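Reviewing the structure listed below.
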Amino acid sequence: MSAPAPKIFVSALADTKMILHATKNGFSNPIHGIIIGKKSSSGGDNLLEIVDAIPVCHEVPTKPIVDMALRLCDAHLQTQRSDNDLTIIGWYTSNASTSDDELPNPSACRIASSMSDNGEEGDPNFILVLVTTTGIVAAASKDSEDSTTTSSAAACRVFLKDTKTKTFSQEVDSSLISSENVSKELITNALSKGLPIYDYVDHISSYGCDDDWKDMDWITNDAINCIAK
Amino acid sequence: MGPEEDLPTLICRKDHLNILRYVRAHQLRDPNLVVTSGKILLESKSLGDAERLASLEQICIAACDIGDLDLAESCLDSIVNPSESNNKSLVVTKESARYRKLLGLCLEAAGNYESAAKVYDILLQDNPSNAYAAKRKYCILAAQPGKETDAMKALDEYLSKHPGDLAAWNQMAEVCMSVSDFKGAAYCYEELVLGCPLDSNIHTKLGEAYCTAGGVENAKLARKHLAQAVQLDQNNLRAWYGLVAAAEGYLEEVEKLSKNKREAEDEGVEVAKELIKFGGEKLAGVYQGSKLAAVVRSLLTETSHSL
């Protein structure tokens, strides 16, 4: 008997960062990044809280890129460990073609597979998040909120590892995914202000040729953290 | 255009004609600027024919880029409209190959791939070595999800006829990467390296592709190309990170070998360890005094512990 699917909560901050990353770089490029969050369980339900998103690249990721980004991210989380218990709980991606919202691209599935295999039993609740074009358009549209919904649907679809096929094809039902009420506001705010968002590849590619290199804080992306408060 | 006429100056001065010329000359991709300046320029109606046609072509392409298909269509119509030209000898007809290239592009932008493909087929019939038309046929396939294998075949065919087209090899490498064919991508990057042996970024990409492909021999090649990359450009931070990752990857691969084979790699292992230390020192130096210093330091201590 397989375990019940976890409930997933997406913070406004993570939603905004993923969407900004996709809109800035996603035109004919895939985007990839790390999901940081917390796991908890209450009353037999597993709850995964997506707290933050750390952008990694806007091209097909290679082993050196993924390895180094994960290790730097891990090291960063360890320096913050005393404040909270955030860990790497997933990987997010958006496909290269804006009309391709079907399934996550194979390189993202590969990365999620190997990340979820770490440790003795692996992590059965490791999530692969797909940021879809329709989701971004819905989140950024100027339509007024439907006042009957208490929590708006997130701009992304979530996949878990199917225990039989070992591939990330088991989609979490959208009714189990919820996001913060302020998500839409934060997203439209960030997009209209044209806030910068940096990923790991931006950071390593600009050294020596860009004066702003030191400000490219791809791990924290403080510009967005500031307006989220 | 004098040396003092850079793009911000021209924009301040609202010199739309020279803005368009600048973008054309420097081969920049800034469709919003071209469309904004272009619209104003076209209304002035004081352009000579050659300049008018060149601008219309440029604005048409920019309009396709940002999805303003109405503007693109009106540019197309203006180009072949004989009443708008001042000089009767410079009339463009719909048979013109240059016009048909633009027409194909607009059809592609509108998503009308069948008609676009027909336009390019006719261009290829007239001139079988028309590289532009062949490339656009590949692009039509690449734009449609689900047609990846057809696209790869088309690009493969193109490359067998035009093996010196480095941009196409680059595109093929990216396509291989997207279907996780890292050995294939490495092959394409090798072709690029032949064409540009002193380009640090290409050696970096080649090294990364070999590293991702896996296996001892590939790991060794990865190490070598990333070392070449940092030698060609000391500021290539991506190559430095890649060098440390590739050297570590090589050590991991050697660990998996049988005892006899491992001994044959002894020298390689020594080189790899030195490269990791060398890379680590450079990275520590780069981040000194910056916000990420602590994070990078802990990454490097972890690396040196495993040596």
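The values are calculated or read from the model by the stated rules, or taken from the named source; none is laboratory data. All values derive from a computational prediction rather than experimental measurement. Backbone-built Cβ (ideal geometry, glycine too); neighbour counts: all protein chains shown. Ligands, DNA and RNA are stripped out before the accessible areas are found, and what is left, the full protein with its side chains, is counted by its heavy atoms. Shrake-Rupley method; radii C 1.70, N 1.55, O 1.52, S 1.80 Å.
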Within segment B:207-221, the residues that are of a type in the set (A, V, I, L, M, F, W, C) and within 16 Å of A:VAL201 (Cα to Cα) are B:ALA209
For segment B:213-226 the number of residues that are open to solvent by 30 Å² or more (accessible area, probe 1.4 Å) and under 13 Å from B:GLY268 (Cβ atoms) is 4
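Starting from residues that are touching a residue at least 12 places away in the same chain (Cβ under 8 Å) and facing another protein chain (nearest Cβ under 8 Å), keep the ones in segment A:204-219 and report whichever is surrounded by the most Cβ atoms within 10 Å (Cβ to Cβ). It would help to see each step written out before you state the result.
Let us first name the residues in segment A:204-219 that are touching a residue at least 12 places away in the same chain (Cβ under 8 Å), namely A:216-219.
Add one more test, that the residue is facing another protein chain (nearest Cβ under 8 Å), and what stays is A:217, A:219.
Values: A:ASP217: 16, A:ILE219: 24.
Among residues in segment A:204-219 that are touching a residue at least 12 places away in the same chain (Cβ under 8 Å) and facing another protein chain (nearest Cβ under 8 Å), the one surrounded by the most Cβ atoms within 10 Å (Cβ to Cβ) is A:ILE219.
Can you tell me which of B:GLU174, B:GLU148, B:GLU157 is without any contact (Cβ under 8 Å) to a residue 24 or more places away in the chain and more than 16 Å from the chain's Cα centre (by Cα)?
On the way: B:GLU174 fails: more than 16 Å from the chain's Cα centre (by Cα); B:GLU148 fails: without any contact (Cβ under 8 Å) to a residue 24 or more places away in the chain.
Every option except B:GLU157 fails the conditions.
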All-but-one check, B:HIS203 against (1) over 22 Å from B:GLU174 (Cβ atoms); (2) open to solvent by less than 20 Å² (accessible area, probe 1.4 Å); (3) within 14 Å of another protein chain (Cβ to nearest Cβ), failing number (1)
- Message: If I filter segment A:177-189 for residues that are open to solvent by 70 Å² or more (accessible area, probe 1.4 Å) and part of a strand (DSSP E or B), do I get at least one hit?
- Response: no
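Identify the residue in segment A:190-203 that is open to solvent by 50 Å² or more (accessible area, probe 1.4 Å) and not in a helix (DSSP H, G or I) and, among all such residues, is farthest from the other protein chains (Cβ to nearest Cβ).
At the first step, the residues of segment A:190-203 found to be open to solvent by 50 Å² or more (accessible area, probe 1.4 Å) are A:191-194, A:196.
Still in the running and not in a helix (DSSP H, G or I): A:194, A:196.
On the way: A:GLY194: 13, A:PRO196: 16 Å.
Ranking the qualifying residues of segment A:190-203, first place goes to A:PRO196.
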Filter segment A:47-81 for residues that are open to solvent by 10 Å² or more (accessible area, probe 1.4 Å) and among the polar types (S, T, N, Q); the one that is farthest from the other protein chains (Cβ to nearest Cβ) is A:GLN80
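Pick from segment A:83-103 the residues that are away from chain B (no Cβ under 14 Å) and modelled with pLDDT under 85: which of them is nearest to A:PRO124 (Cα to Cα)? Please lay out each step first, then the result.
Initially, segment A:83-103 is screened for residues away from chain B (no Cβ under 14 Å), giving A:83-92.
Right, trim to modelled with pLDDT under 85 and you get A:83-85.
Details: A:ASP83: 26, A:ASN84: 22, A:ASP85: 19 Å.
Residue satisfying both the conditions and the ranking: A:ASP85.
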Inset, instruction - State whether the residues of segment A:120-137 include one that is surrounded by fewer than 11 Cβ atoms within 10 Å (Cβ to Cβ), of a type in the set (D, E, K, R), in a loop (DSSP other than H, G, I, E, B) and at pLDDT below 80. - result: yes
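Check whether at least one residue in segment B:254-266 is within 13 Å of chain A (Cβ to nearest Cβ), part of a helix (DSSP H, G or I) and either touching a helix residue (DSSP H, G or I) at 6+ places or on another chain (Cβ under 8 Å) or buried (at least 18 other Cβ atoms within 10 Å of the Cβ) (or both), and report yes or no. Quick ask: steps written out before the conclusion?
Filtering segment B:254-266 for residues within 13 Å of chain A (Cβ to nearest Cβ) gives none.
No, segment B:254-266 has no match at all.
In the list B:GLY242, B:GLY280, B:GLY289, which residue meets the criterion of being within 13 Å of chain A (Cβ to nearest Cβ) and open to solvent by 60 Å² or more (accessible area, probe 1.4 Å)?
On the way: B:GLY242 fails: open to solvent by 60 Å² or more (accessible area, probe 1.4 Å); B:GLY280 fails: open to solvent by 60 Å² or more (accessible area, probe 1.4 Å).
When all the criteria are applied, what remains is B:GLY289.
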Being within 13 Å of another protein chain (Cβ to nearest Cβ), assigned to a loop (DSSP other than H, G, I, E, B) and farther than 19 Å from B:VAL230 by Cα, is that true of even one residue in segment B:296-307? yes
*asked:* Quick check on segment B:9-16. Is at least one of its residues in contact with an Asp or Glu (Cβ under 9 Å, 6 or more places away or on another chain), more than 18 Å from B:LEU103 (Cβ to Cβ) and in a helix (DSSP H, G or I)?
replied: yes
Okay, helices (runs of 4 or more DSSP H) sitting entirely in segment A:1-116 with 3 or more residues that are over 30 Å from A:THR188 (Cβ atoms), I get A:63-79, A:106-116
Apart from one, (1) open to solvent by less than 40 Å² (accessible area, probe 1.4 Å); (2) closer than 24 Å to A:SER28 by Cα all hold for B:SER96; the odd one out is (2)
